[in-house]
Amino acid sequence: MLKKNEIIRLEISGMTNEGNGVGKHEGIAVFVPFTVIGDVIECRIVKVCKTYCYGIIENIVSGSVERTKNDCPVYSRCGGCCFRHMSYEEECRVKEQFIKDSFERIGKLYPEYDSFEGCKQLVGYRNKAQYPVAEQDGRAVCGFYSRRSHNVCDHTDCALQPAIFKAVADDIMAYVNERKIKAYNEETGSGLLRHIYLRRGEHSGEIMVCLVITDLKKRGVF
């Protein structure tokens, strides 16, 4: 049985829809983020469960041919996306397999599949964003939740979002900090602003801006 902090050699042979690579060690599945099918790594075990484990990369012995250098400065700590460390062609293959697994392995259904078509626009294609707001170092910030947590990664310059979203979010946060509007605190229930929700009309180009706030009735405002 594997032990916490044990370092093992692992070949990544599969991928989860959360973006974790999967390898088998003595019959035990080990899930490792930021890996690609075909990677051979030295892996440190960080969590041991009854039938599987979680690990982190200690060293890449040999990288997959589909491994790429991600182009985001906060990718390692932001939870906004999970496939930027692999080629887009490999991302499409992985997602196609997710679809087939859902039908066949989970649903026990075996349909005929149309060919998988990737997106022609690889940056700025998302038409919706929801930025959680938090207070850090005495000021309100917004961005995305870090992986597997509700810690806010202070970053609005996301390559997957249209550039106008960053401009709108930054203007809102400048106003919030100028007026000293408090960000919502999940632990204490204090503060006002919880999320900034943006949506862009694909054809109209119009931007919908929604500010998600706490219940003002409970605060006696209304």
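Assorted remarks:
- Residue check for Cys92: of a type outside the set (D, E, K, R) and either modelled with pLDDT under 95 or at positive phi (or both): no
- Residue match in region 124-138 (condition: touching a Ser or Thr at 6+ places or on another chain (Cβ under 9 Å) and in a loop (DSSP other than H, G, I, E, B)): no
- Selection status of Arg84, at pLDDT 95 or above, surrounded by 15 or more Cβ atoms within 10 Å (Cβ to Cβ) and either outside the structural domain of Arg148 (by TED's automatic domain parsing) or under 19 Å from Arg147 (Cβ atoms) (or both): no
- Considering only residues in region 1-32 that are modelled with pLDDT of 95 or more, closer than 14 Å to Val94 by Cβ and not hydroxyl-bearing (Ser, Thr, Tyr), the one that is nearest to the chain's Cα centre (by Cα) turns out to be Asn20.
- Sub-7 Å Cβ pairs linking a first residue in region 155-172 that is in contact (Cβ under 8 Å) with a residue 60 or more places away in the chain to a second residue that is buried (at least 21 other Cβ atoms within 10 Å of the Cβ) and of a type in the set (Phe, Trp, Tyr), at least 6 apart or interchain, are His155/Phe144, ordered by first then second residue.
- Only listed residue being without any contact (Cβ under 8 Å) to a residue 40 or more places away in the chain and either at positive phi or surrounded by 12 or more Cβ atoms within 10 Å (Cβ to Cβ) (or both), chosen from Val123, Val176: Val123
- Looking at Asp170, Asp157, just one residue is part of a helix (DSSP H, G or I), surrounded by fewer than 16 Cβ atoms within 10 Å (Cβ to Cβ), under 23 Å from the mean Cα position of the chain (by Cα) and among the acidic types (Asp, Glu), and that residue is Asp170.
- Count of residues meeting criterion [more than 17 Å from Ala140 (Cβ to Cβ), surrounded by 10 or more Cβ atoms within 10 Å (Cβ to Cβ) and modelled with pLDDT under 95] in region 202-220: 2
- Here region 179-201 is the region considered, the condition is being surrounded by 10 or more Cβ atoms within 10 Å (Cβ to Cβ) and of a type in the set (Val, Ile, Thr), and the residue that is nearest to the chain's Cα centre (by Cα) is Ile196.
The values are calculated or read from the model by the stated rules, or taken from the named source; none is laboratory data. All values reported here derive from a predicted model rather than from experimental measurement. Cβ coordinates were reconstructed from backbone atoms using ideal geometry, including for glycine residues, and neighbour counts include every protein chain displayed.
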